[in-house]
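Visitor: Could you have a look at this structure, given as structure tokens, before my questions?
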Amino acid sequence: MTDSPRFRSDMTVELVKHSAADTDVLWAARVSTAGEQSLEELEKDPQRSKGLINYLMRDRHGSPFEHNSMTFFVSAPLFVFREFHRHRVGWSYNEESGRYRELEPVFYVPDASRKLVQKGRPGKYEFVEGSEKQLELVREQMTESYRQSYAAYQEMLDAGVAREVARATLPVGLYSSMYATCNARSLMHFLGLRTKHELARVPSFPQREIEMVAELMEAEWARLMPLTHEAFNANGRVAP
């Protein structure tokens, strides 16, 4: 029996594994001047450590921020992943395959918090609240389109058509999942482009759905590397 389509408006980000701490930055930076040091030596002067990380961030000495790793499980619509995969340096991805498994009928429908109307010209525009009528229209049209496309997908599979062919009928609002691995430096580049933040020196205008993913990833990273995250914010959220 085919599952009925399910509709979501949220994103999933889970930190699967990591080797990431502020001491990774200190260890990498100090080896050039002090040689190899123990963890105890690195942690014995917190203010000096904070100052060094801030100096590295401010003067854009980037390589010490690469000696760490974070792997996230991400569940989001396909159109989010298409934007995500533009970030290639310092990132590794493995996404679920529509060639080798039957794709689940889970689709994105924005909730009332999603601004629906774009005002202004390209490069200088803003999004504003939509009306109740517009929100109702979006929900009705999206859910009906999703039901029809997934029914066509199922009909082709039931007739023996290969999954890699049948999937072409599915829309970009379908949820996919992936593992994404990065280091702090590559994540900062991602956050600089995919979040809109009051502390950012360089303005960015991300699509809200990928920003939702970025915010969840940033929260996990801030917990792992609080001094590095603080320095990132203090220096205009520009990746070193």
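Visitor: Is at least one residue of segment 168-188 exposed (fewer than 15 other Cβ atoms within 10 Å of the Cβ), assigned to a loop (DSSP other than H, G, I, E, B) and either touching a Leu at 6+ places or on another chain (Cβ under 8 Å) or not aliphatic (A, V, I, L, M) (or both)?
Guide: Yes.
Visitor: Sticking with this structure for a sec: Would you pick out the residues in segment 85-127 that are of a type outside the set (Val, Ile, Thr), within 16 Å of Phe205 (Cα to Cα) and assigned to a strand (DSSP E or B)?
Guide: Across segment 85-127, the qualifying residues are Gln118, Lys119, Gly120, Arg121, Lys124, Tyr125, Glu126, Phe127.
Visitor: Could you tell me which of the residues Ala219, Ala214, Ala184 is within 15 Å of the chain's Cα centre (by Cα) and without any contact (Cβ under 8 Å) to a residue 12 or more places away in the chain?
Guide: That would be Ala219, the only listed residue that is within 15 Å of the chain's Cα centre (by Cα) and without any contact (Cβ under 8 Å) to a residue 12 or more places away in the chain.
Visitor: Please list, ordered by first then second residue, the pairs with beta carbon atoms under 6 Å, 6 or more apart or interchain, first in segment 82-104 and on the phi > 0 side of the Ramachandran plot, second part of a helix (DSSP H, G or I) and surrounded by 14 or more Cβ atoms within 10 Å (Cβ to Cβ).
Guide: Note: pairs meeting the criteria are Gly90/Ser186.
Visitor: Residue by residue through segment 72-105, note down the ones that are over 30 Å from Ala151 (Cα atoms) and surrounded by fewer than 16 Cβ atoms within 10 Å (Cβ to Cβ).
Guide: Arg86, Arg88, Val89, Ser92
Visitor: On to the next question. Gly90 versus (1) in contact with a strand residue (DSSP E or B) (Cβ under 7 Å, 6 or more places away or on another chain); (2) of a type outside the set (Asp, Glu); (3) more than 20 Å from Leu224 (Cα to Cα): which is the lone unmet condition?
Guide: It fails just one condition, (3).
Visitor: From the list Leu157, Leu224, exactly one residue is in contact with a helix residue (DSSP H, G or I) (Cβ under 9 Å, 6 or more places away or on another chain) and free of Cβ contacts under 8 Å to residues at least 60 places away in the same chain. Which is it?
Guide: Exactly one residue qualifies, and that residue is Leu157.
Visitor: Counting only residues that are part of a loop (DSSP other than H, G, I, E, B) and either of a type in the set (S, T, N, Q) or closer than 20 Å to Val89 by Cβ (or both), how many does segment 201-213 have? First the steps, then the outcome.
Guide: Applying the first criterion (part of a loop (DSSP other than H, G, I, E, B)) to segment 201-213 yields 201-207.
Filter again for either of a type in the set (S, T, N, Q) or closer than 20 Å to Val89 by Cβ (or both), leaving 202, 204, 206-207.
Of the residues in segment 201-213, 4 are part of a loop (DSSP other than H, G, I, E, B) and either of a type in the set (S, T, N, Q) or closer than 20 Å to Val89 by Cβ (or both).
Each reported figure results from applying straightforward, stated rules to the coordinates on display, with no laboratory input. Remember, it's a predicted structure, so these values are computed and weren't measured experimentally. Glycine also receives a Cβ, built like all others from the backbone with ideal geometry; neighbour counts cover every protein chain displayed.
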